Amino acid sequence: MSQTKQVKQLDRVIIRFAGDSGDGMQLTGDRFTQESAVFGNDLVTLPNFPAEIRAPQGTLPGVSSFQVHFADHDILTAGDRPDVLVAMNPAALKANVGDLPKGAAIIVDTHDFTKRNLDKAGYDTNPLDLLGDANDPLGDFQVHPVDLTGMTVEAVKEYGLSRKDAARAKNMFALGLLSWMYGRPTEPTTAFLENKFKKAPAILGANLTAFKAGWNFGETTETFVVRYEIKPAKLPEGTYRNITGNLALSYGLIAAGVRSGLPVFLGSYPITPASDILHELSKHKAFGVTTLQAEDEIAGIGAAIGASFAGSLGVTTTSGPGIALKSEAIGLAVMTELPLLVIDVQRGGPSTGLPTKTEQADLMQAMYGRNGEAPVPIVAPQSPGDCFSAAVEAARIAITYRTPVMLLSDGYLANGSEPWQVPSIDDLPVIDPDFATALNHASPKAAEGEPDEFWPYLRDQETLARPWAIPGTPGLEHRIGGLEKGEGHGNISYDPANHDLMVRTRQAKIEAIAKSLPPLEVDDPSGEAKVLVIGWGSTYGPIGAACRRVRRAGYHVAQTHLRHLNPFPADLGDVLKRYDKVLVPEMNLGQLSRLLRAEFLVDAIGYNHVRGLPLKAAELAEAVGQLVGEAEGTEVDLGEHGLNPPSDHEEAPSR
Amino acid sequence: MSTPTSTELPLPALRTGTESVPAAEGPQTAKEFTSDQEVRWCPGCGDYAVLKAVQSFLPDLGLRRENIVFVSGIGCSSRFPYYLDTYGMHSIHGRAPSIATGIATAREDLSVWVVTGDGDALSIGGNHLIHALRRNVNMTILLFNNRIYGLTKGQYSPTSEVGKVTKSTPVGSLDHPFNPVSLALGAEASFVARTIDSDRKHLTAVLAAAAAHRGTSFVEIYQNCPIFNDGAFDAIKDRDTKEHAIIPLEHGKPITFGVRDEETGLGDKALARAGGGVEVVETAAVPTEQLLVHDAHNPDPSTAFAISRLTDAGYLHRSPIGIFRQVERPTYDDLARAQVADAKAKAAQSGGTDADRLTKLLNAGDTWNVG
Ligand code: SF4
């Protein structure tokens, strides 16, 4: 029997799905995200999973979660604290309850709250037995205990599956329930399941049935009396899709190939969290993309350098440990001045570190992690969708300036997703490989009738780039390599003055890139800010959200974000000078702040967390607020826009 | 429809190593292949002989000079590309096979050569060497084996004999050496040969066969380093001992060596099967039909491996010289290009440019419109 349910309007919701790593929480979150995207909400996601493929079942380390933040306005982060937690077992409850704000809703699958699983999660007593008691540990929350598994097994009986297989559909039951609760469209998930399980009719039937049963349960049960409505967001006009950073980055590489007319050649060794780029590019041979899964990290970049020498757009993808192994080869590409893209999807370090968690602590490695003076341009995307244009930009620099370029993504960008406005190919820059085809220098013995020569290190006056003559070009045969080259002619040179000149010239070439960069965009709505917050990479979202909070509380703050870390934009120094205080939030111990201090003698103040997770906007807002107070000589109280309830989650932009 | 696996794709017809490389328009000279750079090896170094042999062999290869690429790593021999007027890259230690793999896979119209040494290929670059061989990328690897580190001034190498006294091993080296030919055979190589720096004729013949082979051709060249390891190959070079030391391998002929019989042309020693391997016998002591006839084309590498084991690890009293193995196997680069070409051809059927297809790709999946 259907009941009349109350419908409540919300402007945003943060839901976290959490379960055992075998429970399909990533898929559930992903489906909910797709439904929300198609519905037209703005959204940001944060998958969080263990490094182990199947960590011991039911344990805390085995918990996998997926957080999705969706809203009727543009949002910047996946949210600090979930409004709703879906917990599929005791470990998932225990691992996540600490992140919930007071008043959050918890939908918990009671089925696995057995003695054994409670023990594994470290619960002495079943917290669900204490609900409503004076000592209820979950007293701050609205808890909805539901036997999701039991109801799923019951619902899918007709398919004759084993109990285990039947229970597996419980994630779809949960998805159905949440889809009902937030009025999500069901067609995308139905179509997805039909495609995924088309070869296994019983499994398909069970999943579809569980999904519908979850929906119907929401509609009929008295446990849930409210449905929520979050209207579509008013995003700029265009066609949108939801996209992860790794997918956007892969598409960006293909686009760079199309816009430069160069075949893309990826040499790569599998590594978390970069492997998806290898997987994706290997599907797109139709664009002339070649992918080589190399024997190791070094061979991956070696093959890419070889392909670049031969006239392809050489690319290598990896994470920090791989960059360490590739350093010598990156130096070779610096010395031979060949175009090359080196993509570092950063993860927690050092050493193996936290393979599945995010961090941005490879900036110094990208900047300086080579022997000798070996400058390399660095480009960093700021959001998952932005990985697309960052890849195109990195390719523009690599090809135009004949240099390896580092593209610093990170684990959060790689796996996180957001709605992405699909760009028009015609709007992307055209990249001209400008291969050398002719002799370029008169022979010193020209008077004696010696013909002209080819000088592989004779530079373009504007870009300082050397000619790129690829094998097969008659008359331009030449040798390059890791030994120092004589300026111009490019033969081996041990001459001290030449080495000094070449070291400076390679540096000047990278610095010359700044001339091709647009002026920095500074967001300073009132124009009265004394404090500038500057970041790079995936902290864009949290920094933006923190600045919004500070402004909503009535204070002034400016924000700017660096896409180019080397060279810096030409006007960065002037921008920094305009502000009394500069705050640099980073997921490291202060790497950009050091570079800013060294380059501009500015008192860059660090805000640093290395928890393997994105920065939290509310915490950061408090830090920004404090600095604003110091700069303006006032007491700053962000009130509910900071860490204080009730509004302890992301703010809408000031209107 | 599911994507075909590489084995379902039409295999590119097995061709010669240089078939897809454009031919030179007219005759070429060794001088055209000689760069203007001063050669800087020590006087008497075996590398000179190999360079001369290569410079005079390349014109005979008959390929356009601009379509030839030499790639090297680090070490004395790795200076090689600077002295040839072709395209070239003197790369970093041990990595030349990986760089060459990228070049050869990206461009089928190039003749790709790797010049490396025993330290470069077998120590720091061992991994790249074995994987190049297993992939069978169309290129020729010339391994100059002088059994010592020359450029770093005389430490023992992975092919030095146990007990080698060097600067880094004053009381003798401890590690057992590699036999490069055995290693290559174990790494699934499709072409494996050994030759000698000082035997121009044999060296040139092996280079020709290696270039003609489609796939990775591995050529070990015994190369004397008069400065740090002089005499390492004396037994096979000395006029008095060489006919007893060199076991010449010729496809289709019985393997014999030692003092030649004027009439039969057979040496007084021969190889015969013994158990699972081979042994040296007195030619006269066994019936001719029991002499081991060399079969470089045998798909099973066991016999070639057994023959490779006849090389001494220490002072080279004896060594088989020639082509151990030459079998046809699809090359990695041909297959990789076939996959790309196949995908491109299928895409072309649906029409449109790459940009049109990219637009379609970006707009695929669940999209929605705003405004
Ligand atoms: S050290 Fe030995 S191998 Fe090196 S150049 Fe001199 S003689 Fe040749």
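The values are calculated or read from the model by the stated rules, or taken from the named source; none is laboratory data. Computed from a predicted structure; not experimentally measured. Glycine also receives a Cβ, built like all others from the backbone with ideal geometry; neighbour counts cover every protein chain displayed.
So residue A:262 clears everything in (1) within 19 Å of residue B:353 (Cα to Cα); (2) part of a helix (DSSP H, G or I) except one condition, right? Which one?
(2)
Tally up the residues in segment B:158-183 that are assigned to a loop (DSSP other than H, G, I, E, B) and farther than 20 Å from residue B:322 by Cβ, please.
Selection size over segment B:158-183: 17.
Of the numbered conditions (1) within 9 Å of chain A (Cβ to nearest Cβ); (2) not in a loop (DSSP other than H, G, I, E, B), residue B:54 fails exactly one; give the number of that condition.
Of the numbered conditions (1) within 9 Å of chain A (Cβ to nearest Cβ); (2) not in a loop (DSSP other than H, G, I, E, B), the odd one out for residue B:54 is (1).
With a cut-off of at least 1 residues that are more than 16 Å from the ligand (Cβ to nearest atom) and under 24 Å from residue B:46 (Cα atoms), name the strands (runs of 3 or more DSSP E) lying wholly within segment B:194-297.
So the answer is B:216-222, B:246-249.
Is it the case that some residue within segment A:90-103 is surrounded by 15 or more Cβ atoms within 10 Å (Cβ to Cβ), touching a helix residue (DSSP H, G or I) at 6+ places or on another chain (Cβ under 9 Å) and assigned to a loop (DSSP other than H, G, I, E, B)?
Scanning segment A:90-103, I find no residue that is surrounded by 15 or more Cβ atoms within 10 Å (Cβ to Cβ), touching a helix residue (DSSP H, G or I) at 6+ places or on another chain (Cβ under 9 Å) and assigned to a loop (DSSP other than H, G, I, E, B), so the answer is no.
Regarding residue B:70, is this residue aromatic (Phe, Trp, Tyr) and in a helix (DSSP H, G or I)?
no
Go through segment A:309-330 and report how many residues are more than 7 Å from chain B (Cβ to nearest Cβ), farther than 18 Å from residue A:250 by Cα and either buried (at least 24 other Cβ atoms within 10 Å of the Cβ) or of a type in the set (A, V, I, L, M, F, W, C) (or both).
7
So which of A:592, A:638, A:615 is in contact with a Leu (Cβ under 7 Å, 6 or more places away or on another chain) and among the aliphatic types (A, V, I, L, M)?
So the residue among A:592, A:638, A:615 that is in contact with a Leu (Cβ under 7 Å, 6 or more places away or on another chain) and among the aliphatic types (A, V, I, L, M) is A:592.
Out of the residues in segment B:135-162 meeting the condition of being surrounded by 20 or more Cβ atoms within 10 Å (Cβ to Cβ) and among the hydroxyl-bearing types (Ser, Thr, Tyr), tell me which one is nearest to the ligand (Cβ to nearest atom).
B:149
Just a yes or no: is a residue in segment A:595-616 within 18 Å of residue A:557 (Cα to Cα) and assigned to a helix (DSSP H, G or I)?
no
Filter segment A:34-63 for residues that are within 14 Å of another protein chain (Cβ to nearest Cβ) and of a type outside the set (Asp, Glu); which is nearest to the chain's Cα centre (by Cα)?
Among them, the one singled out is A:43.
Taking segment B:13-44 on its own, how many of its residues are of a type outside the set (A, V, I, L, M, F, W, C), touching a residue at least 60 places away in the same chain (Cβ under 8 Å) and more than 16 Å from the ligand (Cβ to nearest atom)?
Here the count works out to 7.
Within segment A:136-192, considering only helices (runs of 4 or more DSSP H) that don't extend past its boundaries, which have at least 1 residues that are over 24 Å from residue A:36 (Cβ atoms) and modelled with pLDDT under 95?
Fully inside segment A:136-192 and qualifying: A:163-167.
Taking into account only those residues within segment B:45-59 that are of a type in the set (A, V, I, L, M, F, W, C) and within 16 Å of the ligand (Cβ to nearest atom), which is nearest to residue B:153 (Cα to Cα)?
Looking at residues that are of a type in the set (A, V, I, L, M, F, W, C) and within 16 Å of the ligand (Cβ to nearest atom), I get B:45.
Which residues, taken from segment B:64-107, are touching a His at 6+ places or on another chain (Cβ under 7 Å), within 7 Å of chain A (Cβ to nearest Cβ) and either surrounded by fewer than 24 Cβ atoms within 10 Å (Cβ to Cβ) or not hydroxyl-bearing (Ser, Thr, Tyr) (or both)?
B:81, B:82, B:95
Taking the stated definitions as given, is residue A:121 buried (at least 17 other Cβ atoms within 10 Å of the Cβ), in contact with a strand residue (DSSP E or B) (Cβ under 8 Å, 6 or more places away or on another chain) and not basic (Lys, Arg)?
No, not satisfied.
Within segment B:333-342, can one find any residue that is facing chain A (nearest Cβ under 9 Å), within 30 Å of residue A:31 (Cα to Cα), among the aliphatic types (A, V, I, L, M) and not in a loop (DSSP other than H, G, I, E, B)?
Looking for residues that are facing chain A (nearest Cβ under 9 Å), within 30 Å of residue A:31 (Cα to Cα), among the aliphatic types (A, V, I, L, M) and not in a loop (DSSP other than H, G, I, E, B), one finds none in segment B:333-342, hence no.
Here is a check on your reading of the model: is residue B:133 touching a strand residue (DSSP E or B) at 6+ places or on another chain (Cβ under 7 Å) and either in a strand (DSSP E or B) or small (Gly, Ala, Ser) (or both)?
No; evaluated as a whole, the condition is false for this residue.
Do we have any residue at all in segment A:274-289 that's under 16 Å from residue B:131 (Cα atoms) and of a type in the set (Gly, Ala, Ser)?
no
Quick one: which residue in A:324, A:304 is closer than 21 Å to residue A:433 by Cβ, in contact (Cβ under 8 Å) with a residue 12 or more places away in the chain and not in a strand (DSSP E or B)?
Every option except A:304 fails the conditions.
Select from segment B:350-370 the residues that are touching a Lys or Arg at 6+ places or on another chain (Cβ under 9 Å) and under 23 Å from residue A:42 (Cα atoms) and write down the one among them that is surrounded by the most Cβ atoms within 10 Å (Cβ to Cβ).
Checking each candidate, the answer is B:362.
Considering only residues that are at the interface with chain A (Cβ under 10 Å from one of its Cβ atoms) and closer than 27 Å to residue A:437 by Cβ, which ones fall in segment B:33-51?
B:33, B:35, B:36, B:37
Specify the residue that is farthest from the other protein chains (Cβ to nearest Cβ); the eligible residues are those in segment A:279-296 that are assigned to a helix (DSSP H, G or I) and surrounded by fewer than 24 Cβ atoms within 10 Å (Cβ to Cβ).
Of everything passing the filter in segment A:279-296, A:279 is farthest from the other protein chains (Cβ to nearest Cβ).
Looking at this structure, is residue A:344 within 26 Å of residue B:362 (Cα to Cα), out of contact with any Lys or Arg (no Cβ under 7 Å at 6 or more places or on another chain), assigned to a helix (DSSP H, G or I) and at pLDDT 95 or above?
Spelling it out, it is not the case that residue A:344 is within 26 Å of residue B:362 (Cα to Cα), out of contact with any Lys or Arg (no Cβ under 7 Å at 6 or more places or on another chain), assigned to a helix (DSSP H, G or I) and at pLDDT 95 or above.
Restricting to segment B:113-137, count the residues that are over 23 Å from residue B:42 (Cβ atoms) and more than 13 Å from chain A (Cβ to nearest Cβ).
Summing the residues that are over 23 Å from residue B:42 (Cβ atoms) and more than 13 Å from chain A (Cβ to nearest Cβ) in segment B:113-137 gives 1.
Could you tell me whether segment A:366-379 includes any residue that is under 19 Å from the mean Cα position of the chain (by Cα) and either within 14 Å of chain B (Cβ to nearest Cβ) or among the polar types (S, T, N, Q) (or both)?
no
Go through segment B:110-130 and count every residue that is assigned to a helix (DSSP H, G or I) and either within 13 Å of the ligand (Cβ to nearest atom) or within 10 Å of the chain's Cα centre (by Cα) (or both).
Here the count works out to 4.
Just checking, does segment A:257-268 include any residue being surrounded by fewer than 23 Cβ atoms within 10 Å (Cβ to Cβ), among the aliphatic types (A, V, I, L, M) and within 21 Å of the chain's Cα centre (by Cα)?
Among the residues of segment A:257-268, not one is surrounded by fewer than 23 Cβ atoms within 10 Å (Cβ to Cβ), among the aliphatic types (A, V, I, L, M) and within 21 Å of the chain's Cα centre (by Cα), which makes the answer no.
Name the residues in segment A:451-476 that are polar (S, T, N, Q) and buried (at least 19 other Cβ atoms within 10 Å of the Cβ), would you?
Scanning segment A:451-476 gives a single hit, A:473.
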